[in-house]
Amino acid sequence: MKIVIATGNEHKKDEIKAVLGSEFDVVTMKEEGIYVDIVEDGTTFEENALIKARALKKYTKEIILADDSGLAVDALEGKPGVYSARYAGENATDEMNNEKLLSELKDVPMENRSAKFVCIMVLILPNGEEHLFKGECKGSIDLRLNGQNGFGYDPLFIVDGLKETFGELSAKEKNKISHRALALDKLTEMLMNNKC
Ligand code: IMP
């Protein structure tokens, strides 16, 4: 089953491929020859995921998958939220975003650093049907960067029940418990039952 994903983020692509498994032929929009500039101007993860998925609709008849995700920190009233990728500014790197997050939380003790990763996946089937799936992963923000694996805020995020950050877990371990994996598990179940 071929699925075109509305992302250029290689880390997201790898995680999606790993969770979906070999039953699915996951290709990026660029690999499918689709070069479209998507303006993510929604105010929620749901809106942005729909914007990304719908942007590809007129370019392909294959199954389309879009992911919008981010980090919501309780002490920051849900920030960076939908602005997670550009928390430290328009072309911010992961390092800059992590540095800003640490600085915003510098006076916040460990017990008040709760946070969650959220992922919304939107699937558009060839018949035009749209389906939304949500995955959430609760945890807290570490006092310093730990680990080199993953991407984004992974070196700062400690999932509830573990001592290591996502940045210290292997891809296999992260892909069992992450917000993205949880949303993808629901999506896979629907696709397998639908056999589209
Ligand atoms: P998006 O590409 O607009 O969905 O932005 C997602 C942003 O949220 C990324 O650039 C990261 O900063 C952050 N993010 C989402 N998922 C993860 C994850 O699994 N690990 C670390 N950071 C993530």
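The values are calculated or read from the model by the stated rules, or taken from the named source; none is laboratory data. These numbers come from a predicted model, not from an experiment. Methodologically, a virtual Cβ is constructed for each residue, glycine included, from the backbone with ideal geometry; neighbour enumeration extends over all protein chains shown. SASA here: full protein model, heavy atoms, side chains in, ligands and nucleic acids out. Shrake-Rupley method; radii C 1.70, N 1.55, O 1.52, S 1.80 Å.
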For this session: Pop out the carbon and sulfur fraction of the accessible area of segment 59-110 as a percent, whole number, probe 1.4 Å.
Result: 47 percent
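Sorted by average packing, counted as other Cβ atoms within 10 angstrom per residue and highest first, what order do 96-103, 107-114, 179-186 take? Kindly include the intermediate steps, with their values, before the conclusion.
Numbers: 96-103: 16.9, 107-114: 12.4, 179-186: 20.5.
Answer by packing, highest mean first, reads 179-186, 96-103, 107-114.
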Exercise. In terms of the Cα gyration tensor, with a ≥ b ≥ c the square roots of its eigenvalues, is the chain rounded because a/c is under 1.5, prolate because a/b exceeds b/c, or oblate?
Worked result: prolate
Exercise. When only DSSP loop residues count, what chymotrypsin sites (Phe, Trp or Tyr not before Pro) in segment 1-80 have their Cβ near at most 13 other Cβ atoms within 10 Å?
Worked result: Tyr35
For this session: Taking the Cα centre of the chain as origin, sum charge times position over the Cβ atoms of Lys and Arg (+1) and Asp and Glu (-1), and report the length of that vector in debye to the nearest 20.
Result: 380 debye
Seminar exercise, completed: Expressed in square angstrom to the nearest 10, the accessible area of Val118 with a 1.4 Å probe stands at 10 Å²
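Whole number in Å², please: accessible area per residue of segment 2-194, 1.4 Å probe, ligands, DNA and RNA not counted.
The answer is 51 Å² per residue.
Where does the chain land at 222 nm, in deg cm²/dmol rounded to the nearest 500, when only DSSP H runs of n ≥ 4 count, each adding -39500 (n - 2.57), divided by all residues?
Details: 5 runs with 57 residues, N = 196.
The per-residue figure over the chain is -9000 deg cm²/dmol.
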Exercise. Put +1 on the Cβ of each Lys and Arg and -1 on the Cβ of each Asp and Glu in the chain; which of Ala66, Gly21, Pro155 then has its Cα farthest toward the positive end of the dipole?
Worked result: Gly21
For this session: Compare the peptides 68-75, 164-171 by average per-residue count of other Cβ atoms within 10 angstrom and give them in order, highest first.
Result: 68-75, 164-171
Problem set entry | Net charge dipole size for segment 80-196 [Lys, Arg +1 and Asp, Glu -1 on Cβ; Debye, nearest 20] | 220 debye
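Defining a contact as two alpha carbons under 8 Å apart and six or more residues distant in sequence, what relative contact order in percent does segment 1-129 show?
Contact order relative to length: 26 percent.
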